[in-house]
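Trainee: I am attaching a structure below and will ask some questions about it afterwards.
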Amino acid sequence: MNSRVGKMTIMDPPRLLLFLYPFLTLHLLAVTVFAQPDFLYHFCIEGVGNYTSNSTYKANLNTLLSSLPSDNAIDYGFYNFSAGQNSERVNAIGLCRGDVTPDACRSCLNDSRLQLTELCPNQKEAIGWYDNCMLRYSNRSIFSTKEDLPAFSMHNVNNVSNGDEFNEALGNLFASLKSKAASGDSRYKFATGEVNVSSFQNIYALVQCTPDLSQLSCSNCIDGAINGIPGCCDRKQGGRVVKPSCNIRFELYRFYDFTAANAPPPAAATLPPSPPTNVSTPPPSNTTSTKGKNSNTSGTVVLIIVPSVVISVMLITFICCLLKRRRTRESVGTQDEDEIGNTESLQFDFATIRVATNNFSDANKLGQGGFGPVYKGRLSNGQEIAVKRLSSGSGQGELEFKNEVILVAKLQHRNLVRLLGFCLEGIERLLIYEFVPKTSLDNFIFDPVKRAQLDWDRRYKIIGGIARGLLYLHEDSRLRIIHRDLKASNILLDTEMNPKISDFGMARLFVVDQTQGNTSRIVGTYGYMAPEYAMHGHFSVKTDVYSFGVLVLEIVSGQRNNCIRIGENVEDLLSYAWKNWREGKATNVMDPTMGTGSTSEIMRCIHIGLLCVQENEADRPTMASVVLMLNSYSLSLPLPSQPAFFMNSGMNGDLPLELEDNSSVTKSDHSQNKSAKFSANEASITDLYPR
């Protein structure tokens with residue numbers, strides 16, 4: 001048989017290729033589809049800079065990652081190495097789970113380097129986790145440094161029956177494993193163990209740190225992960241908390257290799273600790289050229305290739321089925337608190353907030369939003385706070401919570417509301433803000449009595465403050481943020497009537513040089529939505545400019561954008577303002593309750609508002625131009641074109657707003673602005689940054 005196959009290979013190559021074609025095709029398809037499975041979780045970190053395809057940083061990154069799978073240090077499952085110099089230097093850490101074989105570790109890290117650079121094609125810092133390994137790289141120093149963020153958690157959907165007994169046993173087991181892992185040397189900080197809960201139930205657990213951490217740093221990192229268990233996995237049959245510097249996991253079954261996990265750790269004398277490897281050139285290839293070799297060996301090659309192809313396809317299919325089954329058993333609960341800084345300094349204890357708000361009493365309730373109720377509170381030091389509490393039935397949710405924590409914590413501007421902290425405890429999700437005593441702008445501007453308190457000078461001050469806050473978001477902060485839900489109820493007023501933009505739950509972050517994005521998940525409030533966003537999901541800084549224009553016209557007129565009553569007729573504000581401005585009767589738009597004021601300033605603000613709500617987004621000014629227009633009276637303004645009429649003045653209150661993909665929502669109440677939030681062809685909403 002062997003000689004026959006060998007003879008066929010030599011004498012009849014076309015027939016051999018025809019014979020192999022189905023197997024090779026199947027093998028290639030399998031490799032294409034399954035070679036790099038999806039990460040458990042990954043993060044492309046913004047704010048530290050991007051690189052271009054032909055940059056030195058990209059070349060150093062390629063050099064560094066290409067050397068990864070072949071490094072001999074793989075036997076210990078840990079890499080810390082770098083390439084390049086100064087600002088173009090790339091630092092990387094690779095860590096394999098302590099019980100996986102060297103071959104499995106190499107394979108996992110190889111998948112990681114291919115997958116991570118594909119998912120994060122321009123970011124200088126990125127991190128990705130598989131079950132067996134983690135890979136991260138950055139342009140900043142990441143060696144010997146405990147880092148807790150970004151992090152994620154996973155939990156088994158099933159609960160344990162004996163919760164208190166289970167938690168006590170699990171806590172003791174983790175404490176024991178923490179000491180064992182933290183006392184490891186500079187190449188191996190890993191421990192597994194088990195504890196008996198009852199005659200028929202054991203808990204199996206694993207803890208691991210990157211070995212470059214000190215014993216104290218490793219211990220502290222694991223403590224932080226253990227403290228995250230109640231928030232993600234309380235009374236669950238399994239779960240994990242994973243951070244860049246450490247990870248922990250527990251299950252009711254032995255999920256690790258018992259023999260490998262309990263093998264003695266590598267002797268310290270075997271491989272002395274070494275600093276990160278500096279990779280300057282790609283490693284030489286170990287591949288030997290076969291050109292000129294005798295073709296008689298091809299028969300043997302056929303016998304080896306065909307079975308291996310079939311076996312590899314079967315193996316890959318089996319692994320994928322296991323991965324799919326495991327992922328249906330575990331649900332991912334991300335904690336994407338990217339770069340908040342020291343989260344301990346921002347995190348509040350739930351009991352503290354409960355006391356501060358008098359157990360969230362109705363007397364302390366300030367209002368109700370899409371996120372949930374908002375309460376006034378007072379801390380023990382006398383500081384007044386506003387607390388947003390995520391409602392379990394909220395249409396909004398953890399995505400908005402993560403957005404606010406991640407984004408607002410990074411922003412500092414007098415016209416943005418200041419985030420004091422947050423609380424993640426069990427099912428509770430709380431945001432703690434500075435207390436802004438005058439509540440929101442809509443409580444004044446649309447109230448027939450209170451709006452008399454807003455004379456023109458105050459309204460003009462509010463318009464200017466909102467403009468400066470948006471300019472900061474779009475251009476002056478180190479991030480570029482599109483708010484996407486700018487409206488009167490999201491403008492808070494302090495004691496001096498200074499405006500503060502709030503509610504960043506719908507916000508999206510752009511990289512510095514990014515100008516626009518697209519989504520099929522339309523969120524925001526009707527009447528404030530730019531037409532290109534409401535109809536096509538296209539958003540940019542000009543989306544916020546449109547909302548600002550609507551807001552300006554509301555402030556000037558004292559009327560809601562979707563209902564301005566003229567005698568017995570009701571019109572939408574944009575068409576009414578446009579018609580009167582075009583006819584030279586813009587004074588009709590002015591709110592008569594604001595008293596005297598500079599008519600030229602008022603007319604100028606109406607003009608600017610109409611420029612901002614033009615249908616073509618390219619015709620709308622930037623916020624930098626708007627701020628200049630508001631402050632420079634000598635600057636001549638261009639003529640506005642007709643505003644967008646995607647919401648016509650005669651529309652029925654129940655007429656649905658149709659989207660390109662035939663998704664629709666019904667606008668059922670003209671008396672108040674309803675938040676719109678729906679998804680179309682978007683299964684996941686965990687990614688915070690456009691790609």
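Trainee: If you take the beta carbon distance between LEU628 and ASP447 as r and set R0 to 41 Å, what does 1/(1 + (r/R0)^6) give as a FRET efficiency, to the nearest 0.05?
Mentor: Efficiency at R0 = 41 Å is approximately 0.80.
Trainee: Between beta-carbons, use under 15 Å as the cut-off and find the net charge around MET594, counting Lys and Arg +1, Asp and Glu -1.
Mentor: Cβ neighbours under 15 Å give a net charge of -1.
Trainee: In the neighborhood of LEU473, defined by Cβ-to-Cβ distances under 9 Å, what is the net charge if each Lys or Arg adds +1 and each Asp or Glu adds -1?
Mentor: Charge balance in the 9 Å sphere: -2.
Trainee: I've got another one for you. Starting from the 7 Å offset along Cα-to-Cβ, what nm value, one decimal, do you get for the label separation of GLU118 and SER380?
Mentor: Going from the GLU118 label point to the SER380 one covers 5.3 nm.
Trainee: Also, I was wondering about something else. Output ³J(HN,Hα) for region 380-389: one whole-Hz value per residue in order, computed from phi by the Karplus curve 6.51 cos²θ - 1.76 cosθ + 1.60 with θ = phi - 60°, and x for Gly and Pro.
Mentor: After applying 6.51 cos²θ - 1.76 cosθ + 1.60, I find 4, 7, x, 6, 7, 9, 10, 10, 9, 10 Hz.
Trainee: Okay, moving on. Just to verify a number: FRET efficiency for ARG582 and SER636, C-beta to C-beta distance, R0 = 22 Å, to 0.05?
Mentor: Plugging the Cβ-Cβ distance into 1/(1 + (r/R0)^6) gives 0.75.
Trainee: Where in region 74-107 does the amide nitrogen come within less than 14 Å of the point 7 Å from the Cα of THR56, taken along Cα to Cβ?
Mentor: The answer is 83-90, whose backbone nitrogens lie closer than 14 Å to the label point.
Trainee: What list of ³J(HN,Hα) couplings, whole Hz, do you get for region 554-560 from phi and the Karplus terms 6.51, -1.76, 1.60, once you set θ to phi - 60° and write x for glycine and proline?
Mentor: After applying 6.51 cos²θ - 1.76 cosθ + 1.60, I find 5, 5, 5, 8, x, 10, 5 Hz.
Trainee: So if each residue of separation counts as 0.36 nm, and I subtract the Cα-Cα distance between ASN172 and ARG235, what length gain in nm does that give?
Mentor: Difference between extended and current length: 21.2 nm.
Trainee: Quick one: TYR130, TYR51, fewest Cβ neighbours within 10 Å first, how do they rank?
Mentor: Listing TYR130, TYR51 from fewest to most nearby Cβ atoms yields TYR51, TYR130.
Trainee: Hey, another quick one. In which sequence would ASP572, ASP485, ASP455 go, from the one with the fewest C-beta neighbours within 10 Å to the one with the most?
Mentor: ASP455, ASP572, ASP485
Trainee: What relative contact order, as a whole-number percentage, does region 41-143 give when Cα pairs under 8 Å and 6 or more residues apart are counted?
Mentor: Taking the mean separation of contacting Cα pairs over the length of region 41-143, I get 35 percent.
Trainee: With a 10 Å Cβ neighbour count serving as the proxy for reagent exposure, in which order, fewest first, do HIS536, HIS607 appear?
Mentor: The order, fewest Cβ neighbours first, is HIS536, HIS607.
Taken together, the values in this text are just the output of simple stated rules run on the coordinates, not laboratory data. Here the structure is a predicted model, which is why all the values come from computation and not from measurement. Virtual Cβ from ideal backbone geometry, glycine too; neighbours counted across all protein chains shown.
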